[in-house]
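> Structure below; questions to follow.
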Amino acid sequence: MKNLRLKAARAAKDMSQDALASMCGVSRQTINGIEKGDYNPTIKLCRQICKVLDKTLDELFWEDEEEG
């Protein structure tokens, strides 16, 4: 499933995939894969992304019942 919340949070900070990836210590392809739903990140990476974007795990990664 695509992660549009991650993409929106990144865009709201005017941050490129490359910039987010660099701040999280991963490749741009990893961030792209997460946003496209092709890659399932570790909890450690999820937490790092949340920290950089000032979001909670719930806001970016947990599916709502209505969405699922």
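The values are calculated or read from the model by the stated rules, or taken from the named source; none is laboratory data. Note that this is a predicted model, so its numbers are computed, not measured. Backbone-built Cβ (ideal geometry, glycine too); neighbour counts: all protein chains shown. SASA here: full protein model, heavy atoms, side chains in, ligands and nucleic acids out. Shrake-Rupley method; radii C 1.70, N 1.55, O 1.52, S 1.80 Å.
> At a 1.4 Å probe, what is the % contribution of carbon and sulfur to the accessible area of the chain?
47
> Hey, with R₀ at 25 Å, roughly what FRET efficiency would residue 16 and residue 63 work out to, going by the Cβ-Cβ distance, to 0.05?
According to the calculation, E is roughly 0.45.
> Using a 7 Å offset from the Cα along the Cα-to-Cβ direction at both residue 8 and residue 38, what is the distance between the two label points in nm, to one decimal?
Output for this residue pair reads 2.4 nm.
> Per 0.36 nm of contour for each residue apart, how much would the distance between residue 51 and residue 27 grow if the chain were fully extended, relative to their Cα-Cα spacing?
Result: 6.9 nm gained on full extension.
> Quick one: compute a quarter of the convex hull surface over the Cα atoms of the chain and quote it in nm².
Value for the chain: 4.0 nm².
> May I ask you to give the solvent-accessible area per residue for the stretch 4-58, in square angstrom, as obtained with a 1.4 angstrom probe?
Numbers: 3390 Å² over 55 residues.
I get 62 Å² per residue for the stretch 4-58.
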